[in-house]
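The structure appears below as structure tokens.
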Amino acid sequence: MSFIAASGDMAQPVDVAKPRASLKSRIVSAIVLAPFVLGAVYAGSIAFDLLVGLAVLIMAWEWQRLCGKGNFGSLGVFFGAITLVAVALTSLNFIVEAMALVLAGAAVAAVWGMRILHEAGKWIAAGVIAVGLTGIALVWVRNDANGLSITIWFLLAVWATDIAAFFAGRAIGGPKLAPSISPGKTWAGLIGGILGSFAWSIGWALWTDAGQPGTLAALGIAA
């Protein structure tokens, strides 16, 4: 599919090297990182908990920079510290304490963020909750008796969403999802991503004899 950029009476094709470069970087990243991530998931315990700790720091960094117009600062450090400590507490099985810390940290981040970032402060607080609870949930689930299977399903559901969204968005194009936040995302990509997770979840349920493929498919759509 060709992409056309129009200006006045003239139209010129957009450089197709960018989509190809993006696809190449995704493939290389998958080859390098997927074995490392899946190995940590299989090992569980300290290896996986450390991986989740790194992940929440990266998520906190990106969320803070998005809401803070590219700035990280001391509020970002606080954001990352709260989520990292919450993961550590969950690893030690202090789950209630970890959730309480995240909620308290979100309250502090809201007051702090509103003072220096005004309306964006409430999104910083939401980020502390979203990132913190994500870290807690991942460690908590992996430590469950059936945690290995559930964690692999979830991570691959996320990957399936990303892959399907990428190819659907590139192939179909169409209206943008949120152009002011991420200009490359389209509604076609979103729908393709949902269908990718849906299909993967049904396949995982049938392959592993987990039962109730409809339930897992619904969870895949939600994820």
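A few comments on the model shown:
- Selection within region 92-114 - small (Gly, Ala, Ser) and open to solvent by less than 50 Å² (accessible area, probe 1.4 Å): ALA98, GLY105, ALA106, ALA109, ALA110, GLY113
- Qualifying residue in region 59-69 (condition: farther than 21 Å from LYS185 by Cβ, at pLDDT 95 or above, in a helix (DSSP H, G or I) and not β-branched (Val, Ile, Thr)): yes
- Cβ-Cβ under 8 Å pairs, at least 6 apart or on other chains, region 200-223 side farther than 17 Å from THR161 by Cβ, far side open to solvent by 60 Å² or more (accessible area, probe 1.4 Å): PRO213/LEU206
- Restricting attention to region 29-54, the residues that are under 18 Å from the mean Cα position of the chain (by Cα), surrounded by 14 or more Cβ atoms within 10 Å (Cβ to Cβ) and under 20 Å from SER149 (Cβ atoms) add up to 8.
- With respect to being free of Cβ contacts under 8 Å to residues at least 60 places away in the same chain and under 14 Å from the mean Cα position of the chain (by Cα), SER180 falls outside the description.
- Take the conditions (1) closer than 25 Å to ASN143 by Cβ; (2) touching a residue at least 24 places away in the same chain (Cβ under 8 Å); (3) open to solvent by 30 Å² or more (accessible area, probe 1.4 Å); ILE58 misses just one of them, which is (2).
- Verdict on LYS185 being under 21 Å from ILE221 (Cα atoms) and surrounded by 15 or more Cβ atoms within 10 Å (Cβ to Cβ): yes
The values are calculated or read from the model by the stated rules, or taken from the named source; none is laboratory data. As the structure is a computational prediction, the values presented were derived from the model and not from experiment. A quick note on method: Cβ atoms are made from the backbone with ideal geometry, for glycine too, and the neighbour counts reach across all protein chains shown. Surface accessibility is based on the protein's heavy atoms, side chains included, excluding ligands, DNA and RNA. Shrake-Rupley method; radii C 1.70, N 1.55, O 1.52, S 1.80 Å.
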